[in-house]
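The next block holds one structure in the form of structure tokens; read it before the comments.
The values are calculated or read from the model by the stated rules, or taken from the named source; none is laboratory data. The structure presented is a predicted model; accordingly, all values stated were derived computationally and were not measured. Here the Cβ positions follow ideal geometry from the backbone for every residue, glycine too, while neighbour counts run over all protein chains shown. The area values use the complete protein model at the heavy-atom level, side chains included, leaving out ligands, DNA and RNA. Shrake-Rupley method; radii C 1.70, N 1.55, O 1.52, S 1.80 Å.
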Amino acid sequence: MRITQNMMTRTVLTDLQGVTDRLSQTQQRLSSGKQILQPSDDPFGTSQALLLRGEIASNTQYQRNVNEASSWQDASDTALSKISDAVLRARDLLIQGANGTADPSARASIAAEINQLIDEVKSEGNTEYAGRYVFAGSKTTTQPYQLGAVDSYSGNTEVVKREIGPGVQVDLNIPGSSVIGDGSSGIIKVLRDISNDLTSNNSANLQNTDIAALDSAHDQLVSFQATVGARSNRLTTALSRLQELSDTSSKLLSQTEDADMSQTIIDYSTQQAVYQAALKSGANLIQPSLMDFLSS
């Protein structure tokens with residue numbers, strides 16, 4: 001078969017186009033730092049990168065949830081500590097008031113301070129985090145307690161939850177009805193009973209029933225503090241695990257889609273040399289002939 005000038009020209013141009021395409025792709029890898037520029041470059045790698053990106057996005061959201069839950073625990077723990085201090089102060093006052101030498105005037109003064117402690121406990125029960133009431137159950141926009149003589153609880157017994165992993169949820173809060181109670185149960189009722197017994201000079205209740213009820217309420221409060229502390233420890237461990245998973249996923253993603261820059265630079269230099277050689281050899285092969293001038 002006779003090799004014509006047109007055949008040689010087409011072959012050279014086709015080869016030059018192929019070298020140019022490869023050089024262009026290498027330039028894009030250098031500028032973007034990515035090995036996969038489009039799905040067709042590596043279909044399997046592209047699918048793996050998409051999965052890893054999804055895992056990283058989910059992991060990031062889980063970390064935000066853990067941080068939020070930890071902040072709720074910090075707010076709860078601070079409030080519970082202050083409530084515990086108020087209860088212990090009330091116990092000291094109760095012991096003073098239960099003393100047989102305390103006269104009605106002294107007991108009335110102690111009762112007034114107990115009422116102030118009740119309001120202090122309620123104030124801590126109205127603790128907020130990010131504009132939401134921590135002890136209101138799931139009714140986080142409703143103030144759970146009113147200061148003063150009204151001891152009712154305006155929240156509910158449900159809890160707010162956050163997902164900190166696939167299928168793993170953690171409670172953010174403890175309802176105030178369980179921790180503090182209201183006019184019919186819990187710390188508030190015990191303190192209100194103590195105030196009434198001081199006002200009515202009921203020494204029998206002050207010396208027996210009231211102190212036992214207050215100790216029991218404080219023990220329950222301590223158990224809630226332990227629950228919050230254990231939850232905080234769990235969240236700390238969960239955050240550490242999520243950060244490790246995030247680092248691993250990010251490393252795998254980099255290995256999947258990022259270009260090896262040192263190798264890419266070598267490839268670029270090699271392909272550039274090939275391109276220059278192809279141009280030079282093509283110029284030598286495609287020489288103008290006498291017939292080219294005559295036909296023109």
Report summary line: Expressed in nanometres to one decimal, the distance between label points 7 Å along Cα→Cβ at D215 and Q25 is 8.2
Report summary line: Carbon plus sulfur, as percent of the 1.4 Å-probe accessible area of the stretch 64-147, comes to 45
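Pop out the carbon and sulfur fraction of the accessible area of the stretch 159-254 as a percent, whole number, probe 1.4 Å.
Details: 2260 of 4520 Å².
Within the stretch 159-254, the accessible surface is 50 percent carbon and sulfur.
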Query raised in the report: Got a sec to turn the phi values of the stretch 81-92 into Karplus ³J(HN,Hα) couplings, 6.51 cos²θ - 1.76 cosθ + 1.60 with θ = phi - 60°, whole Hz, x for Gly and Pro?
Result: 5, 5, 5, 4, 4, 5, 5, 5, 5, 4, 5, 4
Query raised in the report: HN-Hα J couplings of the stretch 97-110 from phi, Karplus 6.51/-1.76/1.60, θ = phi - 60°, integer Hz, Gly and Pro as x?
Result: x, 6, 4, x, 7, 6, 8, x, 5, 5, 5, 5, 5, 5
Query raised in the report: Using r as the Cβ-Cβ distance of T11 and L50, and R0 as 41 Å, what FRET efficiency do you calculate, to the nearest 0.05?
Result: 0.55
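With a 1.4 Å probe and every protein chain left in place, work out the accessible area per residue of the stretch 135-254 in Å², rounded to a whole number.
48
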Query raised in the report: When Lys and Arg each count +1 and Asp and Glu each count -1, what net charge do the other residues less than 12 Å away from S249, Cβ to Cβ, add up to?
Result: -1
Requested in this report: Only Lys, Arg, Asp and Glu count, each charged at its Cβ (+1, +1, -1, -1), so figure out the dipole size of the stretch 57-181 about its Cα centre, rounded to 20 debye.
Outcome: 220
Requested in this report: Please list the non-local residues whose amide H lies under 5 Å from the amide H of I164, H modeled 1.01 Å from N, same-chain partners needing a gap of 5 or more.
Outcome: Q169, V170
Query raised in the report: For Q61, what is the net charge nearby, where nearby means another residue's Cβ is under 12 Å from its Cβ and Lys, Arg count +1, Asp, Glu -1?
Result: -1
